[in-house]
Amino acid sequence: MVDAAAIERQLAELEEPEKPYPEDCCGGGCAPCVWDTYYEELEAFEMKKEALLEAKAHLERESERDTIEEGRKEESAVDGEDIGQHSEASADRVQSTPNRTMRSQQSA
């Protein structure tokens, strides 16, 4: 798996092709013309850049999703501890409640 740092390095190393000067073309209908070569290289450059930016955005979305998931797991763990503590406290109350009921019946 490629990490964000590797993508950043590739983006930094990516070089846009140098645009030819008008006088670089002789106008003789060469195949390929310097302009043909430039536009092919430019298209390849733009496709590569777009793919890297999409990969970077995808990694950022995954990272954000993982962070949210971890937060939910931590919340669930804390909630689970709270529920456990509340359950124990409730069990203590339930156990003490019958005694009070029995005492009030005995008093009557």
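The values are calculated or read from the model by the stated rules, or taken from the named source; none is laboratory data. What you see is a predicted model, and the numbers here were worked out from it, not measured in a lab. Methodologically, a virtual Cβ is constructed for each residue, glycine included, from the backbone with ideal geometry; neighbour enumeration extends over all protein chains shown.
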Matching residues in the stretch 29-77 (loosely packed, with under 12 Cβ neighbours inside 10 Å, of a type in the set (Lys, Arg) and under 17 Å from residue 8 (Cβ atoms)) number 1
Matching residues in the stretch 1-28 (under 29 Å from residue 59 (Cα atoms) and either surrounded by 10 or more Cβ atoms within 10 Å (Cβ to Cβ) or modelled with pLDDT under 95 (or both)) number 14
Pairing a residue in the stretch 9-33 that is acidic (Asp, Glu) with any residue that is loosely packed, with under 10 Cβ neighbours inside 10 Å and part of a helix (DSSP H, G or I), where Cβ atoms lie under 8 Å and the two sit 6 or more apart in sequence or on different chains, gives none
